[in-house]
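To start, the structure under review is shown below, and the notes come after it.
The values are calculated or read from the model by the stated rules, or taken from the named source; none is laboratory data. Because the structure is a prediction, the values reported are computed rather than measured. Counting neighbours? That spans all protein chains shown, and the Cβs are built from the backbone with ideal geometry, glycine included.
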């Protein structure tokens, strides 16, 4: 995840309860950031807080760090972050699958994640799932 997403999520999840909280607290985490960021110490001694406190910080070249992370054993990597982090991640060309969630709300603004591409990014639709309330999840692979 990006540094800003980590800073927003890490105070909440260690004390949250329920199935989603359990998953968020058990998965290994890596924060991609510019040099100098330090993960703050755990706010409590709970196992969940320690999990967030033991997050790895990966700085330096994003493409190199993603390549190294993809070579490790484990489950698929899921990226959380804001538009800036996603633009940087998309720019590496190392994303294997895009899950784009469309909400039925027109805000009239926002930060695009596909701006600044240096070449055309062709995507192949794998699936589309509609949820109650009109939210739609589109899953794509790079073509």
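Screening residue 133 on (1) more than 17 Å from the chain's Cα centre (by Cα); (2) farther than 27 Å from residue 17 by Cα; (3) not assigned by TED's automatic domain parsing to the domain that holds residue 22 shows it passes everything except condition (2). State whether one or more residues within region 91-99 are at pLDDT 90 or above and in a helix (DSSP H, G or I). Within region 91-99, one or more residues are at pLDDT 90 or above and in a helix (DSSP H, G or I).
So which of 113, 78 ends up being out of contact with any helix residue (DSSP H, G or I) (no Cβ under 7 Å at 6 or more places or on another chain) and closer than 21 Å to residue 5 by Cα?
Unique residue meeting the criteria: 78.
Against the conditions (1) surrounded by fewer than 14 Cβ atoms within 10 Å (Cβ to Cβ); (2) within 29 Å of residue 34 (Cβ to Cβ), residue 131 satisfies every one except (2). Helices (runs of 4 or more DSSP H) fully within region 1-57 that include at least 1 residues being farther than 22 Å from residue 70 by Cα and modelled with pLDDT of 75 or more: 3-9, 19-26. Can we say residue 113 is modelled with pLDDT of 90 or more and not assigned by TED's automatic domain parsing to the domain that holds residue 1? Here the answer is yes, as residue 113 does meet what is asked.
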